[in-house]
Each structure stands twice: as C-alpha cells, then as structure tokens.
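Enquirer: Take this structure first; my questions come after.
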Amino acid sequence: MVEGSDCKCMSPPFDYRDSTPLPEWNKLNTCVEDGEVDVSRCNFCGAKWVRHYSESSFAGSGRWCQAPATDNQLAKLSSTEGVLEFIESRPWYFVGGSALQSAGKLVESPAQ
C-alpha cells in the first residue's frame, strides 16, 4: 500500500461523495456482461481509482473491487474486459459488497 497515506481513499468504508467520476475515461466507464466499471479521482489527494462492480438478481450478491491506477495504466486498458484482471494483478486492492458482507477490506496479492 502507499506508505504514509492517511487519505480517506485509502481506508474503508468508502463514500461515493469523496470522489469524482472521470468522464475522460468513458471508454472504461460502462456496463459489461460481468459487471460495471468506472474510473474516479479522490477529491482529497487526487489519486485515480478504477473499480469493477457486479450484482445479480439475487439479494446479497453485490461485490466490488477497486485499485489505484496511473494515467499510463488506465491508457493500457483498451476495454472494460481487462479491468478485473488488472485490479487483481495489483500488489494490493480493496474488495467489498453485500456478497462479502463488507464495506471494504484490503486484499494483498501474493508475491508476483
């Protein structure tokens, strides 16, 4: 994780009012078969986050994951299809949702 960061965007629970959607990444801000993707910027520190979320028709099935991303990393994501793989490949990211009974928890990826 980012050392020494005490920004709200680094500590769950997250509040949608603490970030601003980034329309310049509209190619990623869309619905896909396995969920939805959006890109936003933290209103406090300016970090960009890419988020994938999904929900089926069953109660308690919502889940999301999000990771910080640089402009260069976002530019390499040519479509929404690679977003989930990108997030899960990061050294750490956050997950949550009703399916996980969590408002957000840190996941640290295994050594790569």
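Enquirer: Along Cα→Cβ, 7 Å out, is where each label goes; now give me the distance between the ones at Asp71 and Glu108 in nm to one decimal.
Expert: 3.2
Enquirer: Oh, and also: By how many nm would the segment from Ser56 to Trp92 grow when fully extended, if each residue of separation counts as 0.36 nm and the alpha-carbon distance is taken off?
Expert: Taking Ser56 through Trp92 to full extension adds about 10.4 nm, to one decimal.
Enquirer: Take peptides 12-25, 41-54 and line them up by average Cβ neighbours within 10 Å, highest first, as a rough protection proxy.
Expert: Most protected by this proxy first, the peptides run 41-54, 12-25.
Enquirer: If Lys and Arg each add +1 and Asp and Glu each add -1, what is the summed charge of the other residues whose beta carbon sits under 10 Å from the beta carbon of Gln73?
Expert: Local net charge: +2.
We did not get these values from a lab; they are worked out from the coordinates using the rules stated. These numbers were taken from a predicted model, which means no experiment stands behind them. Every residue, glycine among them, receives a Cβ derived from its backbone with ideal geometry; neighbour counts consider all protein chains shown.
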